[in-house]
Structure formats: structure tokens, C-alpha cells
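Worksheet for the structure shown next.
The values are calculated or read from the model by the stated rules, or taken from the named source; none is laboratory data. None of the values given here were measured: they were computed from a predicted structure. Neighbour counts are summed over all protein chains in view; Cβ atoms, including those assigned to glycine, are modelled from backbone coordinates with ideal geometry. Remember, those area values only see protein heavy atoms, side chains included, never the ligands or the DNA or RNA. Shrake-Rupley method; radii C 1.70, N 1.55, O 1.52, S 1.80 Å.
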Amino acid sequence: DDASNQRQNGRGCRSRVRGTRPANRGVRSLIALPPRVADSLQALVYSQRALAWLLLDSTLVLTGAGGDLRNYGLETLEVGEPACEQAFFLEGLLPLNETPFRLRSVEMTSGRVADLHFYAEPQVVWIVLLDVTAERDEARLIQQKAYEMTLMSEREAQLIKKLETAHRELQQTHSELTESREALLRTHKRLERELDDASRYVRSILPPPFTTPFVADWRYVPSTELGGDSFGYHWVDLDHFALYLLDVCGHGVGAALLSVVVANTLRSEALAGIDFRAPDQVLTALNQAYQMEQHDNLYFTIWYGVYDRIRRQLEYAAAGHPPAILVVDQPEGGKRIEKLQGIGPSLGILSEATYHSQKCVLPSSSRLFLFSDGTYEVDKADGAMLEFDEFLTVLVKPAEGESELDRLLNFVRAWHGPGPLDDDFSIVKLEL
């Protein structure tokens, strides 16, 4: 009756049908729910799915439309005109061969995506549009993530595969402990070999020390077989030398895998469109690439600097990381100590975070130290913690027959006492 009245009333009917919703009486009778529940469900659909509807007569002329038409770019539909000439997505679909009929994920002129539901009755055809743009966007994000993962190097993929296989087998063996203790022991030994292989791989990606054109050296002692620290340095070009140290929260396989992936990203300069001589660009891009929601809720701190050997200038930025320490020998015999502190939150926590670079000059007879917090946050057996100033005093002493890095490591081990350290010990030195 409504469709008949609309055809008889012509243009006067168009203004009434636009922006209206179909009555919910049919919904209630179909699903046999109390009115309060049915109304609530219908309101939920309208609020989350941007529902719109079209009503066509047997000659495929539009006799009614309603719901959120603007969402689909259909607000200009004219009642009384052929529907297929106004809505491109109906071309070739009508008349229906079957009813009800659904056509998935049709992109509208507005850019939104909708599922189309067709319902044919003796004299009319109902077409209902339900917005599925969110599902389309989520599927695209998943596809993009899958593509990025395929770009990982073959060695990283092999390492992950071996560690995951060893972990699964270890879990299975534990469940079968009562049946085969010998099998558990064999698997345990093999897991140790796998972890040893993984530990050797982590060390294999660390850069070798060198002495020309300046000194670069480091010490690395993970608190477990696989630590969450990683570092590196390399020449970006003939005049710019990048150095960095990062610390993933936690320990074990997950933290080690993330630290290795990030370190290889920096080493291979695998961030498209980024100038690796600009620390602020590098940290901002890393933060976007390694959000914690996509990486098992892991985040990390980092200090990243680039040394320009022509200008003797260091440009640096940091994200939640301890400051680098610059020690400059003064002509009169003293020392000038500077803390090169970067400002910015840890990477992976806030997707909208940005980072800023700072600059300083590295004079001759200067030493630069990068380190993780595990290098100085060391507890004694009685609960006393090493003070940072005491750590700094040991660090800045000149080398007298032994490397200051070895002297610092021996001091920390003596302070801690027997057993492995509570956190990874990682420190890098650049000496001019």
C-alpha cells in the first residue's frame, strides 16, 4: 500500500520516504523476541552497520528509500525513476533469479563498502545495504602485515621456525613425561643445542670491533641464553657512521626475536623513504613499524646516533633509553662528562609519537658510551642497588693496562656476586 501511494503521489512522496526507516514490526515477528530486545538489536544494527534500504516495484522503478543513504552516496536518489539508472551496483542483478539473495562487499561511490541483501515479493523488491567497510579495512591491514612479514631475511625465518618447533616439541614432551622420561631428556638436550644455535646467531649479527679510523668496541653478556638487548654500528656512507643500542622489555625467545628483527632492520636500512643519517626520522619510522599490538605487546627503548667524521658532529635521538655518556679529556688533565639524553617515549607504545634529534661536537680525545639499563641497575644479594654515580665513576676512569669495558664488567660482576646477572649487560664504546 505504501508503494502504491508513493507512485500515485509522485514527487510529493519522495520527500517523505527519504531518511525514513522500515517499521520493526516484521523484525519482531521473524525473530520472535520481546519488543525491547528486538528494538535494542535493531538500534545496534543501525548504529554500527549504517543500514539503508531501497524499495522497487515490479518494473524496477524506485518507489521508496530510507536509512543512512548519505553513507553510500545515495542521497540524491529520485523516487519514481528507474532504480538501475540511479544505482550502478544494481546493473545486471535484477530481476532476481533467487530470493533472498546476498552480494558481498560492493564498493559504493562514497568509498564505503556494503553487503547487499535482496528480498523479492510478488510486486516489490526490497534491497537492504549493510556497511562492512570496517571488515574490508581490517582484511587489508592483515594482508599488508602478511606482505611485510614475507620480506624478512631467510636466516631470520629459519631461526624463528627452529625456535617455534623446539618450543612446541618441549610442550608436547612435558605432557608425556609419565610415559617417556628418556624422550624428555633427549628433547631437553636438543633444545639446549637449539638455544645455543640461536644465541650464536644473535652474536653473529653483532658488528666486530675495530680500531681505525677510530676505536669501536663492545661487551655483551645476556642474563639468559637469549637476551632482549641488541646493538650495532655501520657506515651509512663514506662520511656518516651510525651506532645504536636497543633494549626490548623482557627476556627469552620473544624479546630476542624482536631485538634481532629491529637490529637487522637498522643494519640493512630496511625502512623505505627514510634517511638513516637523520635519527629523528629513523625512530619515528621504527615506532610506526613495530607497534606493540602487532608484536605480542613487546616494546623497546633505543639510543640512535650518527657521527659525521668531517664535521666531527654527532646527531642523536633516543626513545625511553638511558643517556649516552660522552667523556672528553681536558688539556689541563681533567675530564668533562656530558649526558646525551634524548626525549621521547619507548618505541611501540604510542603510534602517534614523534622524535627529535639533537647535535653535539665530539672533540679529539673523547669517548662515547652507549649502554642498557642492565649495565648499572645491579642488585647485591642483600638488596642494595648500585648507584649510577658509582657506575659512572668506574666507567670514566682511563684505561690502565685493561679495557675500561672489561674493568666495568668485572666491577659489576663483583658487586652482584655469584650467578648470572639479573638483566642483560650491553655497552658500546666509540673512542676518537
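This model, with +1 at the C-beta of Lys and Arg and -1 at the C-beta of Asp and Glu, gives the chain a dipole about its Cα centre of some 940 debye. Here the extension length gained between Glu81 and Arg136 equals 16.6 nm, from 0.36 nm per residue of separation less the Cα-Cα distance. Based on protein heavy atoms only, the range 51-174 ends up with 58 Å² per residue of surface accessible to a 1.4 Å probe. For the range 211-348, the solvent-accessible area with a 1.4 angstrom probe is 39 square angstrom per residue. Between the residues Thr150, Leu245, Val79, the greatest Cα displacement towards the positive end of the dipole of the chain, with unit charges on the Cβ of Lys, Arg, Asp and Glu, is found for Val79. Under a Cβ-Cβ cut-off of 13 Å, what is the net charge of the residues other than Phe210 that fall near it, where Lys and Arg count +1 and Asp and Glu count -1? Taking every other residue near Phe210 into account, the sum is -1. Which residues' amide hydrogens lie under 5 Å from the amide hydrogen of Arg112, considering only partners 5 or more residues apart or on another chain, with H built in the peptide plane? Correct list: empty. Among the listed values (1) 14; (2) 46; (3) 23, the one matching percent of Cα pairs over 40 Å apart as calculated from this structure is (2). Just how far, in whole angstrom, is the range 93-126 from the range 290-348 if you go by their alpha carbon centroids? The two parts, judged by their Cα centres, are 59 Å apart. The calculated FRET efficiency for Ala32 paired with Val124, based on their beta-carbon distance and R0 = 22 Å, is about 0.35. For Gly344, the residues 5 or more places off, or on other chains, whose built amide H falls under 5 Å of its own are Gly320. For the pair Ser365 and Ala270, a Förster radius of 41 Å applied to the C-beta separation gives a FRET efficiency near 0.70, rounded to the nearest 0.05. The HN-Hα couplings worked out from phi for the range 327-334 by the Karplus form 6.51 cos²θ - 1.76 cosθ + 1.60 (θ = phi - 60°) are 10, 10, 6, 8, x, 7, x, x Hz, whole numbers, x standing for Gly and Pro.
Between Arg193 and Ala43, full extension at 0.36 nm per residue minus the direct alpha carbon distance yields a gain of 48.1 nm. Per residue, the range 356-425 exposes an accessible area of 50 Å² to a 1.4 Å probe, with every protein chain left in place.
Taking the protein heavy atoms of the chain in the context of the full set of protein chains, the accessible area attributed to carbon and sulfur is 52 percent at 1.4 Å.
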